[in-house]
Amino acid sequence: MKLCQFGPVGAEKPGLVIDGKIRDISSLRGPWTSADLSPEGQEVIAKLDLSTCPDVEPDRLGVPWQDISKYVCIGLNRSEEHT
């Protein structure tokens, strides 16, 4: 399960990617926030009843979370051959 947001800029809806398909869960909650990344937030997400949430094929995926201002990543795909 992966978190995502989809839809037009400024009107993104929360979704979950499950088995390669995106589920619209906007009927269950609002946008994803950094609190959803905590262990407690993940427990709440895992307990959602997705049986009424439709699969969607959105035209656009947006930024996954609303309140995170910086992403820090480490690239580990550099080989020694290219140094």
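The values are calculated or read from the model by the stated rules, or taken from the named source; none is laboratory data. This structure is a prediction, so every number in the text was calculated from the model and none was measured. Heads up, the Cβs are rebuilt from the backbone with ideal geometry, glycines too, and the neighbour counts pull from every protein chain shown. Surface accessibility is based on the protein's heavy atoms, side chains included, excluding ligands, DNA and RNA. Shrake-Rupley method; radii C 1.70, N 1.55, O 1.52, S 1.80 Å.
If we scan the stretch 33-46, do we find a residue that is in contact with a Gly (Cβ under 6 Å, 6 or more places away or on another chain) and at pLDDT below 95?
Taking the stretch 33-46 and keeping what is in contact with a Gly (Cβ under 6 Å, 6 or more places away or on another chain), we get 35.
Subset that is at pLDDT below 95: 35.
Yes; the residues of the stretch 33-46 include at least one that is in contact with a Gly (Cβ under 6 Å, 6 or more places away or on another chain) and at pLDDT below 95.
Could you tell me whether Ile68 is assigned to a helix (DSSP H, G or I), surrounded by 11 or more Cβ atoms within 10 Å (Cβ to Cβ) and under 15 Å from the mean Cα position of the chain (by Cα)?
no
Exactly one of (1) part of a loop (DSSP other than H, G, I, E, B); (2) surrounded by 15 or more Cβ atoms within 10 Å (Cβ to Cβ); (3) modelled with pLDDT of 90 or more is unmet by Pro8. Its number?
Here Pro8 meets the rest and fails (2).
Just wondering, is there one or more residues in the stretch 29-46 that are among the charged types (D, E, K, R) and surrounded by fewer than 11 Cβ atoms within 10 Å (Cβ to Cβ)?
Taking the stretch 29-46 first, the residues among the charged types (D, E, K, R) are 29, 36, 40, 43.
If we keep only those that are surrounded by fewer than 11 Cβ atoms within 10 Å (Cβ to Cβ) as well, we get 40, 43.
Yes.
Do we have any residue at all in the stretch 12-33 that's touching a residue at least 40 places away in the same chain (Cβ under 8 Å) and either assigned to a loop (DSSP other than H, G, I, E, B) or on the phi > 0 side of the Ramachandran plot (or both)?
Narrowing the stretch 12-33 to residues touching a residue at least 40 places away in the same chain (Cβ under 8 Å): 12, 15.
In the following step, the residues that additionally are either assigned to a loop (DSSP other than H, G, I, E, B) or on the phi > 0 side of the Ramachandran plot (or both) were identified as 12.
The answer is yes; a qualifying residue exists.
Only one of these conditions is not met by Pro58: (1) open to solvent by 100 Å² or more (accessible area, probe 1.4 Å); (2) in contact with a Phe, Trp or Tyr (Cβ under 8 Å, 6 or more places away or on another chain). Which number is it?
Unmet condition: (1).
Across the stretch 12-27, which residue is least open to solvent (accessible area, probe 1.4 Å) among those that are in contact with a helix residue (DSSP H, G or I) (Cβ under 8 Å, 6 or more places away or on another chain) and not β-branched (Val, Ile, Thr)? I'd like the intermediate steps shown before the answer.
Looking only at the stretch 12-27, we keep the residues that are in contact with a helix residue (DSSP H, G or I) (Cβ under 8 Å, 6 or more places away or on another chain), and these are 16, 18, 23, 25, 27.
Okay, now just the ones that are also not β-branched (Val, Ile, Thr), so 16, 23, 27.
Numbers: Leu16: 0, Arg23: 69, Ser27: 89 Å².
Among those residues, the one meeting the criterion is Leu16.
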